[in-house]
Structures are given as C-alpha cells and as structure tokens.
Amino acid sequence: MTQTLPIQKHVPDIINALETSRCAVIQAPPGAGKTTRVPLALLDEPWLANKKIILLEPRRLAAMSCAAHMAGLLKEQVGQTIGYQIRLDRKIGPDTRIEVITEGIFTRKIQNDPSLEDVGLVIFDEFHERHIHSDLGLALCLETFEALRDDMRILVMSATMDVTAVSTLMGNAPVIVSKGKSFPVETIYIPPSGRQSRPVSVETACASVIRRALSETDGDMLVFLPGVKEIKTLYSILEKDLDPAIHVFPLYGNLARKDQARAFRPSNQSERKIVIATSIAETSITIEGVSVVIDAGLMRVPRFSPQTGMSRLETLRVSKASADQRRGRSGRTGPGKCYRLWSEYDHQSLKSYTKPEILSIDLTGVALELAAWGVSDPGQLKWLDLPDEKSFEQAKNLLKILGALDEQERITLHGKKMSSAGLHPRLAHMIIKASEKNHGLLACRIAAFLNERDFILFDQKTFDPDIRLRLEIIDAFTSKKKTWQKGFKINKGVIHRIIESEKKTARDFGIKPTKTDIEKAGTLLAHAYPDRIAKKRDNRNNTFLMASGKGAYFTGINNVSLNDYIVAVHLDGNLQNAKIFLAVPYSKQDLETDFCDRLKSVHTILWDKKTNGVRAKKEIRFETLVIHHQSISDIDPDMACDILIREIQRRGLAILPWTKRLTSLKDRAVFLKNTGRFQDLPDLSDKTLEKNMAIWLKPFLTGVFSLKQLERIDLEAAFLSLLTWKEQQIIEKNAPTHIKVPSGSKKPLKYSNENILLDSPVLEVRLQEMFGQTVTPKIAGLSVPVTLHLLSPAGRPVQITRDLENFWKNTYKDVKKDLKGRYPKHFWPDDPLNAKPTNRVKPKER
DNA sequence: CTCTCCCT
C-alpha cells in the first residue's frame, strides 16, 4: 500500500547512527521522503524509551500537512499518535508521540523546559533554509544535549548545504546521503543580450525568454523575479502581446489568498499557464504541473544595519543552492526545462549558499532569548555561524533601553515578561507599558498588525502611511460596524488573523478587553520605537529628524506628515534619510510625560553670528531632538571667554584694538627675535600670540561678551604683560622706532609692510639728508643694516640700497646728473661725503 | 509607484 521512497533503504543506517552516535545528519533532496518516513520509522526504537519525537518545520503549513500525512500513513486522525502545534493552533493528545511543531514554538518550549524531559529525539527538518529559529533552536538544543540529557538524540535533515559543518558542530555526527525522487531537468543558460552600455531590464529579458520557451516547450511555466515591482512590470508586458489562451498569474506574499489560489489551480488541457513569482514559490508554495522554470537569478533580501537599527532590502544574485532549488521546481511531475538568465561562466561566480539569517537580520529577539537562557556572550554556545557581532551589540543596547537587560547584561524581570510573549521585544515592551495605563488592548492590536503584513492594498499614488487608518478598519471589523472609509481594497484574511493574534496576546499578558482609543497609538508606539521618535525639521515639509540622529521623510503630504512630532515605525532603512512607510502622530506633551526621566537639560554657550557676541541657551533634549530652547542672560564668564577667544582665533588678531605703538612694539620684538641674536626675547609672532590667547589675553577679557566690547579692553596692559621692563628696554635700544640721520632729523623705521615683517627695516629719507654719511646705518647691535629708500626732493624713491658706501662711489654720479636736470635749484655736490646734509633746498650758509 | 520571505 505505502509507496517505497528513496530514503527508506537508508533507515537502518539512520537508526544505527542515532543509536551509537546520538547525532546524525541526513542529506537528501526533495522527494526522498525524509520528512514523513524517518520519524515514523524511529518510533519504536528501544533507545527512544517511549519518549516523544519532536519534528521541527520552518512553516506552519508544512507542519500541519506533514502531521496530516503521517497520521494518514498510520490510518489515524491528527492528535492521536501524530500531533502538531503552530501559533494559535494545537492538536496534540495524551497519546501523541510525534509532535510536528514550527521552529518558533520549539524555542518557547525549550525555554520553558530546558531539559526537554519527555523528548527522546529532536529532528530539524529543512535545516538548509537556515532560519534564525533553526540556528537558535539548534544552539539551545545542543546545550541541553550536552549538559542535561545524555539519553536525548538530535537529527538534522537538509537538502543541499555544507553538511560537514553541521556534522563537525555535532561532534562528527555520521552523514547519511540519500537520492531524491525527481525527473531530469535540462538547463539552458541565456545571458541578457543588451550591450553593456545599455543593459536590457530583467523584465524585458524575461519576456523574450518566455516567448522562446513558449515555442520550445508545452508545459506550465514558473518565472522567478525578485519582487512585486518587477512582477507587475512583466505582467503588463505579457498582457499586451501574448495569446489570450495563455494565462498569466502573479504570485507573491502580499497577494490576497483568493488571488494566490488562482495561480495554483491546474490549467485545462487547451490552456497554458505562466506564474510569475517571488521566491515564495521556491519553497513555501508548490505549483503542480510546472515543467518549465525561468529564473532571473535575483532575490530581494533584508539586511539589518546596526548603525540605524533598521533593515533595508537589497536585490542580490541568487546562490547556486537557491538556483538549483528553483530549477528543481520543473522536474517534480516529469522531465523539465530550466532557462537561466545568466551565462554558464557567470554561474561560477554565484555564492554556493544563501547567507543565513543570523548574519543579516535584526538580532534583538535572539539577544533576548539568549539572555533568558542565561547567556550574554553568544560564544558560550555552539553555532554554525556566530551571530553578527555588531548587530548583536546593537541588539543588547536596544534591550537595555527597553529595560530588558540590566547594566551587567542580565535579563530583568521586565525582560522575562517580554521574552515569553513571542513577539519582537519592542512590541512586547510596548504592551507591558501600555497595560499599566489601561491601553493594553490597543497595544496588542498594534503589535498584531505590525506582526502581519499590511492589509490595505493601495492603488498607485493612494498610499497612506497613517497607522490610525489601519486601526480604524480593524475597529470596524471587531465592532461589526464596517464603516471604515471605503475606497480601499482590503485583504480581509489578514485582518481576521490580526484579530485572532490580538486575542491570544491579550490572554498571554492577562489584559482585559477595554475601549481602544486610536489616538493613543502615538504614545504607545513611542515606547516600542523610542529611537524613531521624530521631530519635523525647520522650514521643511515632510522631512523629519529621528531621535537616533538619522533623517526620515514622507513622499507626500498626509495626516501624519502635518504633525511636528511623529513616531516613524516602518522605514526603508536608508542610512542617511529613510523613506517612511508607516507612522503615527505624536506630540511634544506626550514626549515630555512618556520620557520625563530620559530628557536631558543642556546648557550651551555659543557664538551668535547675528549679534557677533556670546549667547547662552538652555536646551531640553530627547537624544538628538531639541524639545525646548531658551536664551539665558546668566552667562558663565569663564566659558564666555573661551568662546570669544575661539572667535578671535577664527577671525585673526587684527580684530583686537591695536594701537600704532603696540603694533610697532610687536613688530620690533619679532624682528629682533628673528635676527637670531636675541633668543631670550619671548616669541610674540601673531601665530604664537593667537595660540596663547588664553594665557595673556583672557585675564583682560572679563566682562566682554561681544566683538564690539573688545574695543574697551586694555590691550596694552595685556600685551605688555608678556614683556619685562628690561626686555622692553632691549627692544627700544636695538630696534628703535626712529633713527637720526645726518641732517639732524629723526626718521621712522618701518619694520613691516602690509603686515609682512621685513628682515631689515626700511628707512625712507631724502638723499640730500644723507650727505656725509659714509656707511649704512645699522641696528640690532650693529648686525643689521637698514634698507635705505633714498628719495628725490619730491619724495619719490630713486634708489633702494643696503650698501650706502657703494652707492656714493658708483651710482651717485648718474643719479645726480638725472636729478640735477629736474631739480636745478637744489644742492647736488660733487663730493657728497664731505658735503653738508640738508633737509632744505640748499644748506643754510653760516 | 511602499518591501523579500518566514515565525514565537
């Protein structure tokens, strides 16, 4: 009666492996019969000692149908020897020996009873899918296996995966490999035809391969695309130019059950069917009668970012394992054909396996489960892949904020309540907080909604991110009024699941039915997503700053975007500026009461560009959000000085009220220092003065708060504080302000020119005043000759020299000739060295 | 033109 399946000839090996090694791995492709035949074959083994077998399935549907199938093989009802348990549904009786449960249920079960006292064998089915609960469940189970139960056994069953890694993890468990039962599939590689400069879109490439496949084959067709957008585009291309006898069905998770069912329905003899699907058709949904698969080779997967605490979707090339799984879908009922939209060469560069969830998703739930297990460092357990370190740190940090972990990263009482809920820790925390304020039921409803997919099916451009809109509709359903705003297409199945789930959660938390005040959604969700509380940015519509410091925006105006404060619940995960999909209004008043213990008062002193002065303000902040700010008149003078000094440094020393005398003293001091003969003088260069302002200037800035008030400071006293009286004398002597020339007049020495310090000061003097001066005057202890600018009687420079002796000897003759022509009345002696110097036209006769 | 799939 029962059909013989490939796995059955391996049963003795499996029994032997489990008996002697207590662990085993079965590698078998789909169709081998491992899921249904193996548990039944082991039921009477003496080492099982009449204890239970737990069979873990990754999906609810798989758990239910597998239990039904096995019960059928025993000619029994489900709930007798074979039972199952999934969320919200349990059929397990007193005689049940095989419990088929989903992986999430197993996590709860082992947390409640770590020794699994009545269990003799745990089987992980479809382990190659590497869901987070598979990895977590195995890690916990291995500890029970090693530390508490030397009579328990573990069996891991999987299709293609690196089975040696699992075997090694379980102490070199024996690996049993079985063939599957499937038909041969021909693989055809068709790389996209477009040129590199102008690549063809996936949808166009798919459409042309579909046309080719329609002529080469005659079965039903399954096309794999990465997402809904691509499916809709391809659908509209095919609608236009395909024979009406060929029916095209989209298939993806968010499609109503009714529409999904149309895709499964077998087609008539005279018709052909094309199903365009996401990866949902890779494992979760089997479409009977498919003999042709067309694979675009892409998948869309979430990727958690510890920096933002959010996930974003990425479109990636599939792994080889995934491509083979898709191809296998065409060989279930007969020989098949698979068209791959990449080249055989490119195939080599595909990853062997899809990245396991534990390396790419939000780990908050995992971190809480581990804390409940008593583990704060995942390294204490055995893993195929250790959880991503940064994500795990982020997760623990969030759990501390939610009050689930204490500073030593141990689970708190609050955390224990959260972990038993079977919800994301954010949502569990929200429900506990809400129930304290009598809004528990609304919180359960919101949690149930966020756990499901969105049930409003929006048309183009009608999208509305307001969570209150969904709550209104759920409200209408529960009160049977059904008076929500019409005009939305609604997935009623999802709403009914939400209501079921809400009831269960309310029971779990002991919440009694209360009225649900939709306007409280903001304050409830703020507890779940404190990092996503957001404040509208100044003068910018639809653009917000979140408490985490990241940006968020709405694509259009809506009832939420009009508020100054919101909670952005669901975003696209963009690192800088995320698009908001779901949000709810919030308010400053609620923020102040909900988080009164986390608000920080910050006093800041800053430079006000408008008044060019120091200003003090007080801010009330929630993380990066400034809730209140006000100017305060009481400014700390010391801090004000520091701000003022920073501003002076930014603008440069020239902003200070320098007098000519001070500037000259500064220039002369620096000049002397630069000659190298006066090393003991302090360094008074602008650069050093600027740097040391806190030392020499700060004591004189008391009571000064603006640039304007700088005028009244005693800069002279400040500057002179840098020089001793003796040093001042040295400067006066060696770098004099004036120098006496032969004519008897005192001429100024210029030490700098347009703020550039000279290495020799300039002495401007009429040529005739220098008669009788043999050599260039020298300063700085006679080490530096001044730079002479010799002027005509009209004050025009005629010669620049630092060697006066040479000028008289060689150049003077030519100069004299020239000047005598233009200034004939003046005195131009032939022997200037012995002539009388004069500052008049001619020297006075005595 | 809002985002893959799954689960406590």
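Where a number appears in this text, it was derived from the coordinates with a stated rule and is not lab data. Remember, it's a predicted structure, so these values are computed and weren't measured experimentally. Positions of Cβ are generated from backbone atoms using ideal geometry, with glycine treated the same way; all protein chains shown enter the neighbour counts.
Relative contact order for the stretch A:116-210: what is it in percent, counting Cα pairs under 8 Å that are at least 6 residues apart?
Value for the stretch A:116-210: 26 percent.
Can you spot the lysines whose alpha carbon is less than 17 Å from A:Lys740's alpha carbon? Ignore those fewer than 8 places along the same chain.
Hits, sequence-local ones excluded: A:Lys750, A:Lys778, A:Lys836.
Helix A:11-21 sits at what angle to the longest principal axis of chain A, using alpha carbons and giving 0 to 90 degrees rounded to 10?
That works out to roughly 50 degrees.
When only C-alpha pairs under 8 Å and at least 6 residues apart count, what is the relative contact order of chain A, in percent?
Relative contact order here is 7 percent.
Divide by every residue of chain A the summed helix terms, -39500 (n - 2.57) for each DSSP H run of at least 4, and state the resulting mean residue ellipticity at 222 nm, rounded to the nearest 500 deg cm²/dmol.
Computed mean residue ellipticity for chain A: -10000 deg cm²/dmol.
Taking every DSSP beta bridge that has both residues in chain A, what percent is antiparallel when rounded to the nearest 5?
Bridges in chain A that DSSP calls antiparallel: roughly 50 percent.
For the stretch A:75-121, which GluC sites (Glu not before Pro) are in a loop by DSSP, counting at most 16 other Cβ atoms within 10 Å?
Taking the stretch A:75-121 and a limit of 16 other Cβ atoms within 10 Å, the loop GluC sites (Glu not before Pro) found are A:Glu76, A:Glu117.
Counting other Cβ atoms within 10 Å, which GluC sites (Glu not before Pro) in the stretch A:724-815 have at most 12 and lie in a DSSP loop?
A:Glu754
Give the cross-link partners of A:Lys75 among the aspartates and glutamates, using a straight C-alpha distance below 16 Å as the criterion and excluding same-chain residues fewer than 8 apart.
A:Asp95
Taking R0 as 45 Å, what FRET efficiency do you get between A:Gln679 and A:Asn839 from their Cβ-Cβ distance, rounded to the nearest 0.05?
Once the sixth-power term is evaluated, E becomes 0.70.
Quick one: give the max-minus-min coordinate of the C-alpha atoms of chain A along each principal axis, largest first, in Å.
151, 64, 62
How do the peptides A:621-629, A:575-583 rank, highest first, by the average count of neighbouring beta carbon atoms within 10 Å per residue?
By packing density, highest mean first, the sequence is A:575-583, A:621-629.
How tilted is helix A:60-73 with respect to the longest principal axis of chain A? Cα atoms for both, answer in degrees (0 to 90, nearest 10).
20 degrees
May I ask you to list the aspartates and glutamates whose Cα is less than 14 Å away from that of A:Lys747, ignoring any residue fewer than eight positions away on the same chain?
Here the aspartates and glutamates satisfying the reach criterion relative to A:Lys747 are A:Glu764, A:Glu769.
Once you have a ≥ b ≥ c as the square roots of the Cα gyration tensor eigenvalues for the stretch A:519-646, tell me rounded if a/c is under 1.5, and otherwise prolate or oblate according to whether a/b is larger than b/c.
prolate
Tell me the angle of helix A:440-451 to the major Cα principal axis of chain A, expressed in degrees between 0 and 90 and rounded to the nearest ten.
90 degrees
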